[in-house]
Each structure stands twice: as structure tokens, then as C-alpha cells.
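Here's the structure, in C-alpha cells; my notes come after.
The values are calculated or read from the model by the stated rules, or taken from the named source; none is laboratory data. In this text the structure is predicted, and so the values were computed from the model without any measurement. Note that we place each Cβ from the backbone using ideal geometry, even for glycine, and neighbour counts take in every protein chain shown. Calculation scope for accessible area: heavy atoms of the full protein, side chains included, ligands and nucleic acids excluded. Shrake-Rupley method; radii C 1.70, N 1.55, O 1.52, S 1.80 Å.
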Amino acid sequence: VDGGAINLERYPGLYAERMIKAQRPEGPVLEAGCGAGRILRHYHDQGISIMGLDFIASVLAAIHWEESTIPLAAGDISTLPFPEKSFSAVLAFGLYHSLETGLEEAIADTRRVIKTGGLLCASMRLDNLQNRITDGMADRLAAPDADRAFHKLNLTSSEFETLVSSTGFEVETVDYVENMSFLYKFSLLRHASQRVYRESEARRVGCRFNLVGNILQRGAMALAPTQMANLTVITARAI
């Protein structure tokens, strides 16, 4: 179970905070795919009416053990266990790209539970150079005879924007996020404090590069953000 400490200057805290401030929710917020509860607990502690949804009941039980006052629900994003227009906003980070099938149905059902005028803030893994390189590196590390199971869905930014727009939303902002560059995989480019690669640590405190790594990473993002980002984050209003 995560504590309630999130970095509001980087993904996902930056985008969650922007949506919360824009909406100042008049009703409850849903964090769909709340996982270990980092964002959920932060906003609960801030006095925001927020509910966490996840399909892993044992994770929800662990969160409830730590903080029994947080509303939680076990369920599937494709068939949400809530009445229509239950929430003023929905946060969905790292969720939709985990669906092998039924993405359009899941976003449509998300729209069903949001009040008209409410906001959706959601991320999608990009189909671009960055992720093709990352996935190619992972494939080379896999055993030659390993079964190729579904990992994550990749969409272009325009494909994701079109899908969200077609399910009853008006897209307001589209951002490109470099959550973890493939350059970070190379130890010679990482900061000395992160020379030993620990993915969980990097995601918690951020990927820190040394001078050369910073020059390469920032230059690549400045020149080609749509190709060098890992994710796109869309904020859309229910219409």
C-alpha cells in the first residue's frame, strides 16, 4: 500500500492536480484503477470526496486496512458498478492501455458514470518510436521460445483522442509525457544515485540522468515530443 505522498510536478500527480483544480469537484471523484492507492490517499487526505476502484480485491483490502475511511469498490472498468452520472470527475492513469479488448466499451462506460460537464483525465501508452524501441529491447531479452502474451496496448495520440471524442467527450488538452525513457535503461546515462536500475524507485522519485543523459533526453523531447514520450494524457469534458 502506498502512502499519500505524490509528486505534483510530474506524471501522474501533475495532471491529477490540474484536473482537480480545474473542476473543484461538486461531487465525488473516481480513481479508476487506483492500484496501491497513492493518488487516492493523497486526495482523500486533502478532503476531496474520492473513491477508488480496482479489480484486485486484495489490494483494496490492504488500502482499507491502512485507511478505513476511504470509499473503495472492486470492479471491472468495462462494466462499472455505479449508476449513471455518479461522479463529477474520473482519473484513469495506466489503466486503459492494460485492456487487450473492449477499450471503446470501457471508455463509453466511464462516460456513463460521469455527470454532464464533468472531466475525465486519462493516460494511454503511445504507439511511437519510444515504445517501439522499449518493446524491442524487452523482446530481445525474452527467451527465444517464450510465448508472446499481451503486454500493453499502444495507440497513437490521434487514435486515442478520436476514441475519447467518439464516446461522448470533448477533448480539452492533450499532453505528451516521458514517464521513463528508453535512454534510462543505459546505466552510463543514469545519475550516480540510480546507477543500479530499480524500476520501482525510478517511478517513485523520478528517473534521474547524469549530465550527458539529461542533454540527450531533453534534446530528444524538445525535437520530437510525440515520438519520444511514453504516454499521452488527455483531459476531456463529458458532453
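In region 6-99, which chymotrypsin sites (Phe, Trp or Tyr not before Pro) fall in coil by DSSP and have 15 or fewer other Cβ atoms within 10 Å? Numbers along the way, then the final one.
Numbers: sites: Y15, Y43, F55, W65, F87, F93, Y96; in loops: F55, F93.
For chymotrypsin sites (Phe, Trp or Tyr not before Pro) across region 6-99 that sit outside H, G, I, E and B with at most 15 neighbouring Cβ atoms in 10 Å, the list reads F55.
Just reorder H44, H97 by solvent-accessible area, largest first, 1.4 Å probe, all chains present.
Working: H44 45, H97 10 Å².
In descending accessible area the options line up as H44, H97.
May I ask for log10 I(q)/I(0) of region 36-171 at q = 0.09, 0.15, 0.21, 0.22 Å⁻¹, from a Debye sum over the Cα atoms as equal point scatterers with solvent left out?
Taking Cα atoms of region 36-171 as identical point scatterers yields -0.34, -0.86, -1.29, -1.35.
Relative to the longest principal Cα axis of the chain, at what angle does helix 103-113 sit, 0 to 90 degrees, rounded to 10?
So the helix axis and the longest Cα principal axis differ by about 40 degrees.
Between 0 and 90 degrees, rounded to the nearest ten: what's the tilt of helix 129-141 against the longest Cα principal axis of the chain?
Between the helix axis and the principal axis of the chain, the angle is about 70 degrees.
Lysines within cross-link reach of K115: Cα-Cα under 30 Å, excluding same-chain residues under 8 positions apart?
Hits, sequence-local ones excluded: K21, K85, K152.
Compute the helix-to-body angle for 13-23: its Cα long axis versus the longest principal axis of the chain, expressed 0 to 90° and rounded to tens.
Between the helix axis and the principal axis of the chain, the angle is about 30 degrees.
Could you pull the accessible area for V59 with a 1.4 Å probe, rounded to 10 Å²?
The value for V59 is about 40 Å².
Considering only the chain, what is the antiparallel percent among its DSSP beta bridges, to the nearest 5?
Approximately 50 percent, going by the DSSP bridge assignments.
Describe numerically, in nm with one decimal, the distance between label points set 7 Å from Cα along Cα→Cβ at I56 and at A73.
Between I56 and A73, the simple spin-label model gives 2.1 nm.
How much solvent-accessible surface does C207 expose, in Å² to the nearest 10, with a 1.4 Å probe and all protein chains in place?
About 40 Å², ignoring ligands and nucleic acids.
Ignoring the sites themselves, what is the longest stretch of the chain with no trypsin sites (Lys or Arg not before Pro) in a DSSP loop and at most 13 other beta-carbon atoms within 10 Å?
With trypsin sites (Lys or Arg not before Pro) excluded where exposed in loops, the chain gives 1-147 as its longest stretch.
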